[in-house]
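The values are calculated or read from the model by the stated rules, or taken from the named source; none is laboratory data. Remember, predicted model here, so these are calculated numbers, not experimental data. Glycine gets a Cβ as well: all are built from the backbone with ideal geometry, and neighbour counts include every protein chain shown. Just the protein is used for accessible areas: all its heavy atoms, side chains included, with ligands, DNA and RNA removed. Shrake-Rupley method; radii C 1.70, N 1.55, O 1.52, S 1.80 Å.
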Amino acid sequence: WRENSSEFKMQYNKYNAGITNGVGKRSYSSPYIKCDFSKTTFKLVLPAQIIKFEFDKNVKWSIYNQEQRMEFEASLYQAVSGYKTIVQEIDIKNEDIFNEFVIELTCDDKRIRLFKIKMDSIRFFNKDGDYLNSDNSLPIGEVYGFSKKNETPLSEALVENEPIGKLVRSFFEFEYGDIVRLPDGNAISIGKKIEEGLLQRNILKASYAIYKDIVMPIYC
C-alpha cells in the first residue's frame, strides 16, 4: 500500500522535504538545498540528526554527486536520548543543483543514515529560500523555480523569467488547482492531485450555481 499510495507519498514528501510548524518556521529531517536570493547562491544543508550513544566518535558525513565526493567529520553534542549532530551547510555550485546527491552518515564505516536528493530539471524554493519538494504538489502563493536556460517551466501562474548566469529564475504566484509543466515534460498540480476539468484559477470562493442538482462553479 505504501508503494502504491500517491496520498502517502505526498505526505511523506512533505515531511521529508520540509513542513511548517505552528510558528511558521520550516522543519526538515532530511538534507535539502537552500537558496540565498540576494547572491543567487546555493547550499546543501545537513539537518541535525539524533544517533545512538554508541556512535560517540569517528562519525562523518559523506556526500556523493556527479561531480565529486566529499567527506568530513560530523560535530556531535550529547542530547537526552543520544548524540545530536550539529547542522552543517555545504556550498554547492549553481550548475550542480540539478544533480543527484547521495548523503550518508556513518560511524567507523557503519551506516547510520542514508539520504538521497534525486536529480531534477528544476528546483523550487519558497520566498525565504527554503527548498520545496515538487514530487506531487507545490504550495499556494509565492514560489521561485531555478532551471537551466532554454528549459523553463510553463504555467498560467508564471509571472516572469529572469536569466541569472547559467540559470533562469522563474517567479510564480500559485492558486489552488494551477498546473505547472516542468522542463522534463512532467506536470504537477498545486494543492491537489491532477484531474480533468476546469482549472480553479479565478474561481469565486463560496459562490456556485445549481442546475438540476449539479453544483457548478462560478468564475470571474
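A few points about this structure:
- The stretch 32-120: trypsin sites (Lys or Arg not before Pro) in DSSP coil with no more than 13 other Cβ atoms inside 10 Å: Lys39, Lys52, Lys57, Lys93, Lys118
- Modelled spin labels at Ile164 and Asp91, positioned 7 Å past Cα toward Cβ, are 1.7 nm from each other.
- Of the accessible area of the stretch 62-174, computed with a 1.4 Å probe over protein heavy atoms only, carbon and sulfur atoms account for 43 percent.
- Applying a DSSP loop filter and a limit of 14 other Cβ atoms within 10 Å to the GluC sites (Glu not before Pro) in the stretch 162-209 leaves Glu195, Glu196.
- Rolling a 1.4 Å probe across all protein chains gives Asp36 an accessible area of roughly 60 Å².
- Under 5 Å, built H, 5+ apart or other chain: amide partners of Gln49: Thr85
- Taken per residue, the accessible surface of the chain reaches 61 Å², heavy atoms only and a 1.4 Å probe.
- Cα-based radius of gyration for the stretch 35-169, normalised by 2.2 N^0.38 Å, reads 1.22.
- Here the Karplus curve 6.51 cos²θ - 1.76 cosθ + 1.60, taken at θ = phi - 60°, turns the phi angles of the stretch 39-44 into couplings of 10, 6, 10, 10, 10, 9 Hz, with x standing for Gly and Pro.
- Qualifying chymotrypsin sites (Phe, Trp or Tyr not before Pro) for the stretch 159-220 [loop in DSSP, other Cβ within 10 Å: at most 15]: Tyr176
- Rg and Dmax over the alpha-carbon atoms of the stretch 59-133 stand at 14.2, 41 Å.
- Degrees separating the helix 6-17 axis from the principal Cα axis of the chain, which is the longest one: 50
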